[in-house]
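Below you'll find the structure, written out as structure tokens, and then a few comments.
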Amino acid sequence: MRKVILYIATSLDGYIAREDGKVDWLSGDGSDPSSDYGYEKFYETVDTVIMGRTSYDQIINDLSPDKWVYEDKDSYVVTTKQHNEDKNVKFITEDVCDFIKELKGIPGENIWIVGGSKLVDTLMKKNLIDEYIITVIPTILGNGMGLFKGNNSEIKLKLKETAVYNGAVMMHYVNR
């Protein structure tokens with residue numbers, strides 16, 4: 001069965017973006033600037049990406065306005081607003097938990113939860129994230145958009161792997 005995997009980076013103090021949504025701080029300490037932080041290896045294991053509307057807006061407006069970066073994947077954006085058709089993305093306005101349960105039952109590769117924190121929070125409440133791959137960037141932001149909302153039930157995890165990329169620490173956990 002397909003796995004739902006949260007693959008994301010945080011600052012050392014747990015933020016996934018600045019308060020204005022910017023992620024310009026996402027780099028290591030310079031010890032290995034050519035590192036891809038294990039991204040390519042992970043990317044090959046997924047055929048579906050799911051993100052919230054804020055993450056989508058950031059990608060199309062700031063990070064890659066000229067080209068959809070996940071064009072070789074089935075891409076879904078969870079939103080409460082209606083959107084115009086997009087050849088690269090399907091907009092999901094239905095219950096995301098039901099949608100993901102349905103997707104898991106369809107043969108395919110793993111499902112990547114790109115972000116953001118609202119989507120992660122919703123999925124955590126229903127225990128729908130199978131694996132957490134979190135890379136801690138050696139930066140303290142002081143404030144911003146936190147990865148976890150802090151109002152979830154306890155989730156017990158088991159460490160599967162760690163790696164260091166350019167001074168950033170990747171931790172891969174699976175549900176126990």
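Values in this text are rule-based calculations from the coordinates and carry no lab data. On a predicted model such as this, the values are computed, not experimentally measured, just so you know. Cβ sites come from the backbone with ideal geometry, for glycine too, and all protein chains shown count toward neighbours.
Structure above, values below:
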{"item": "Reduced Cα scattering model of region 4-146, Debye log10 I(q)/I(0), q = 0.10, 0.14, 0.21 Å⁻¹", "result": "-0.34, -0.69, -1.57"}
{"item": "For region 51-133, fraction of C-alpha pairs farther apart than 17 Å, in %", "result": "48 percent"}
{"item": "Residue order, fewest to most surrounding Cβ atoms within 10 angstrom, among His83, His172", "result": "His83, His172"}
{"item": "Candidate lysines for bridging to Lys73, where Cα separation is under 20 Å - those fewer than 8 sequence places away on the same chain excluded", "result": "Lys3, Lys41, Lys87, Lys90, Lys101, Lys104"}
{"item": "Separation between Cα centres of region 93-156 and region 34-89, rounded to whole Å", "result": "15 Å"}
{"item": "Two-decimal Rg/Rh across region 71-176, once Rg and the Kirkwood Rh are taken from alpha-carbon atoms", "result": "0.98"}
{"item": "Fully extended contour minus Cα-Cα distance, from Asn152 to Glu109, at 0.36 nm per residue", "result": "12.7 nm"}
{"item": "Region 4-146, relative contact order [Cα under 8 Å, separation at least 6], %", "result": "51 percent"}
{"item": "Protection-proxy order for peptides 67-77, 22-32, each taking the mean of Cβ atoms within 10 Å per residue, highest first", "result": "67-77, 22-32"}
